[in-house]
Amino acid sequence: MTIGFGIIGCGMIANFHCRAVAEIRGAKVVGCYDMYEPSAERLASQFGCQAHRKLATLLADDAVDVVTICTPSGAHMEPAVAAARAGKHVIVEKPLEITLRRCDRVLEACDQAGVVLSAIFPSRYHESAQLMKRAVEQGRFGKLTLADSYVKWFRTQQYYDSGAWRGTWKLDGGGALMNQAIHSVDLLLWLTGPIADLSARCATLTHQRIQVEDTAVASLRFQNGALGSIEATTSAFPGFLKRIELHGDEGTAVMEEEDIKVWDFARKRKADQRILERMAGKTQTGGGAADPAAIGHHGHLMQFKDVLKAIKSGTRPLIDGPEGRRSVEAILAIYKAAETGRTVDLPLKSDPVLKARKSET
C-alpha cells in the first residue's frame, strides 16, 4: 500500500520534502497546493503529482494520507487544522506556529482527530545529535554546567526583499531566532532539558525594511541547574555552521552542524576516538549558513520515516506537537525578556504581549 503525501505551500522548502518522500519505499507525493497556482504547477511538473487549485480538493483526495505544511510560518495553523479535520496526518515545517495559541490550536485539532502530528526539526536525526543525546542520557558529562547554541549565519538584504512575508511579525513570527536559529534552540532544549528562566537582548543591526531582529543573545538557566546561552544572527559574514556546546565536570562535546569537533570525557571509552574520527567530516552542505537552499534532505528523510513508523505502530514520533511547541515558547520568552529588560520565567502561562508585534505595519 502506498502512503500518499500532499504538499501545502510550494516554495523552496517543499522541494526538500518532495525529495525526501521520493526516497521512501511505499510513499509518494500525490498532490500539492499553493495559493499562487504557478508554484503548485511547477512543483507538480517537477515531481509528477497533481496540482490542486483549492486546498479543499487536496484534502478531499482519498489518495492523500499525510500532508506536509510548507507555507510561511505564521500561516501554518489554518491548513494544519483543516488537514486534521479531514483525517490527514500532519507534518509542519518549523516553527510549528508563531504563537502559543496558534500552536495549541494545531495540537488540539490533531488530538481531536486522532491523527499524528510532527514538527520538522531534522537536525535531531543527525548521527552527531543522536550521539550527544546518548552521552547526556548516560551521564557522561557528569554535572552539566554550560550548554550553548551559536547560529552565526548571513542573509543578504535581497533575501529579505525576496518575499513580502520575510522579516514580518505577522508571517515570519520573528527574525534570526524564529526563522533560522530555532533548529539549534530545539536541539539545545532536547539535549539539556527545560529552561527555568532567561534574560536577553535583541536588535536589528544591518538589515533594512524588516520588523524583526537580525541579532539576538540570551542568557539561560536550566531547570537542572546548568547555565547557558543562545546567540543568533543573520548578520555574520560570510556565515558559519551552527554550533552546540555541552560542558560538564566530567566531559565536553562540541557539535558543528553534523560534525563532532570535541568529544572528551573523564571516563574514556574505546569508541570515543573512533567517534571523533568518524564524525569529523560528516557535514556535506553549507548547512544554510549563507544560502538557505544549501541544505540536504537526509534529515527530512529520516524524520518522515519516523512519522510513518509512528502512524503504522500507533505511537508518537520523536518530534510530536508538544516537542515542536517547546522551542517556540523559548523564543517568545526571549523576545519578551529583550523587550522588557527583565528576566522571564518558563514555562510561559500564555503568549507574551509584545509591543513590536502590536505595532507591526
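The values are calculated or read from the model by the stated rules, or taken from the named source; none is laboratory data. Owing to the predicted nature of the structure, the values given are computational and were not obtained by experimental measurement. Cβ sites come from the backbone with ideal geometry, for glycine too, and all protein chains shown count toward neighbours.
Going through the range 325-356 one residue at a time, which ones are over 19 Å from Glu108 (Cα atoms), under 22 Å from the mean Cα position of the chain (by Cα) and surrounded by 21 or more Cβ atoms within 10 Å (Cβ to Cβ)?
Of everything in the range 325-356, those that are over 19 Å from Glu108 (Cα atoms), under 22 Å from the mean Cα position of the chain (by Cα) and surrounded by 21 or more Cβ atoms within 10 Å (Cβ to Cβ) turn out to be Ala330, Ile331, Leu332, Ala333, Ile334, Tyr335, Ala337, Ala338.
Suppose we filter Trp165, Trp153 for residues that are surrounded by fewer than 20 Cβ atoms within 10 Å (Cβ to Cβ) and among the hydrophobic types (A, V, I, L, M, F, W, C); which single one remains?
Numbers: Trp153 fails: surrounded by fewer than 20 Cβ atoms within 10 Å (Cβ to Cβ).
Residue meeting the stated conditions: Trp165.
Checking the structure you have, find out if any residue of the range 47-54 is at pLDDT 95 or above and assigned to a helix (DSSP H, G or I). Lay out the reasoning, then the answer.
To start, the set of residues in the range 47-54 that are at pLDDT 95 or above comprises 47-54.
So of that shortlist, the ones also assigned to a helix (DSSP H, G or I) come out as 47.
Yes, some residue in the range 47-54 is at pLDDT 95 or above and assigned to a helix (DSSP H, G or I).
Scan the range 114-171 for residues that are of a type in the set (Asp, Glu) and within 26 Å of Lys358 (Cα to Cα) and report the count. Before you say what the answer is, go through the steps one by one.
Of the residues in the range 114-171, the ones of a type in the set (Asp, Glu) are 127, 137, 148, 161.
If we keep only those that are within 26 Å of Lys358 (Cα to Cα) too, we end up with 161.
Qualifying residue count for the region: 1.
Can you tell me which residues in the range 67-94 are touching a residue at least 40 places away in the same chain (Cβ under 8 Å), of a type in the set (A, V, I, L, M, F, W, C) and outside any helix (DSSP H, G or I)? Show your work before the answer.
As a first pass, look at the range 67-94 and keep what is touching a residue at least 40 places away in the same chain (Cβ under 8 Å): 67-75, 79, 83, 88-89, 91-94.
Narrowing further to those that are of a type in the set (A, V, I, L, M, F, W, C): 67, 69-70, 75, 83, 91-92.
Val67, Ile69, Cys70, Ile91, Val92 - these are the residues of the range 67-94 that are touching a residue at least 40 places away in the same chain (Cβ under 8 Å), of a type in the set (A, V, I, L, M, F, W, C) and outside any helix (DSSP H, G or I).
Quick one: Ile98 ticks every box in (1) crowded, with 22+ Cβ neighbours inside 10 Å; (2) assigned to a helix (DSSP H, G or I); (3) out of contact with any strand residue (DSSP E or B) (no Cβ under 9 Å at 6 or more places or on another chain); (4) not acidic (Asp, Glu) bar one, so which box is it?
Unmet for Ile98, out of (1) crowded, with 22+ Cβ neighbours inside 10 Å; (2) assigned to a helix (DSSP H, G or I); (3) out of contact with any strand residue (DSSP E or B) (no Cβ under 9 Å at 6 or more places or on another chain); (4) not acidic (Asp, Glu): (2).
I'd like the residue in the range 273-329 that is β-branched (Val, Ile, Thr) and without any contact (Cβ under 8 Å) to a residue 40 or more places away in the chain and, out of all such residues, is nearest to Ala232 (Cα to Cα).
Our first condition is that a residue be β-branched (Val, Ile, Thr); within the range 273-329, this holds for 275, 283, 285, 295, 307, 311, 315, 319, 328.
Okay, now just the ones that are also without any contact (Cβ under 8 Å) to a residue 40 or more places away in the chain, so 285, 315.
Working: Thr285: 20, Thr315: 34 Å.
By that ranking, first place goes to Thr285.
Tell me which residues, restricted to the range 185-231, are farther than 17 Å from Pro95 by Cβ and either charged (D, E, K, R) or free of Cβ contacts under 8 Å to residues at least 12 places away in the same chain (or both).
If the condition is that a residue be farther than 17 Å from Pro95 by Cβ and either charged (D, E, K, R) or free of Cβ contacts under 8 Å to residues at least 12 places away in the same chain (or both), then Asp197, Arg201, Arg209, Asp214, Arg221, Glu231 are the ones that fit.
In the range 93-116, which residues are of a type in the set (A, V, I, L, M) and under 14 Å from the mean Cα position of the chain (by Cα)? Step through it out loud before you land on a result.
Here is the first cut: in the range 93-116, the residues of a type in the set (A, V, I, L, M) are 96, 98, 100, 106-107, 109, 113, 115-116.
Across the range 93-116, the qualifying residues are Leu96, Ile98.
Restricting to the range 157-182, give me the number of residues that are out of contact with any Phe, Trp or Tyr (no Cβ under 6 Å at 6 or more places or on another chain), touching a residue at least 24 places away in the same chain (Cβ under 8 Å) and closer than 20 Å to Pro238 by Cβ.
8
With respect to Gln211, is the statement that it is under 22 Å from Glu329 (Cβ atoms), at pLDDT 95 or above and surrounded by fewer than 23 Cβ atoms within 10 Å (Cβ to Cβ) true? So that I can check it myself, show each step before the final result.
Working: under 22 Å from Glu329 (Cβ atoms): yes; at pLDDT 95 or above: yes; surrounded by fewer than 23 Cβ atoms within 10 Å (Cβ to Cβ): yes.
When the stated conditions are applied, Gln211 passes them.
Within 24 Å of the chain's Cα centre (by Cα), more than 21 Å from Pro122 (Cα to Cα) and surrounded by 15 or more Cβ atoms within 10 Å (Cβ to Cβ): which single residue out of Ala40, Ala22, Ala14 fits that description?
Working: Ala22 fails: more than 21 Å from Pro122 (Cα to Cα); Ala14 fails: more than 21 Å from Pro122 (Cα to Cα).
Matching residue, one of Ala40, Ala22, Ala14: Ala40.
Do you know which of the residues in the range 207-232 that are touching an Asp or Glu at 6+ places or on another chain (Cβ under 6 Å) and of a type outside the set (A, V, I, L, M) is nearest to Asp172 (Cα to Cα)?
Going through the qualifying residues, I end up with Gln211.
So Val64 passes all but one of these: (1) hydrophobic (A, V, I, L, M, F, W, C); (2) touching a strand residue (DSSP E or B) at 6+ places or on another chain (Cβ under 8 Å); (3) not in a loop (DSSP other than H, G, I, E, B). Which condition number does it fail?
Condition (3) is where Val64 drops out.
Within the range 44-55, identify whether any single residue is polar (S, T, N, Q), closer than 30 Å to Ala271 by Cα and without any contact (Cβ under 8 Å) to a residue 40 or more places away in the chain, and answer yes or no.
Let us first name the residues in the range 44-55 that are polar (S, T, N, Q), namely 45-46, 50.
Narrowing further to those that are closer than 30 Å to Ala271 by Cα: none.
No, the range 44-55 has no match at all.
Looking at (1) within 20 Å of Ala135 (Cα to Cα); (2) part of a loop (DSSP other than H, G, I, E, B); (3) in contact with a helix residue (DSSP H, G or I) (Cβ under 6 Å, 6 or more places away or on another chain), can you tell me which one Asp351 breaks?
(1)
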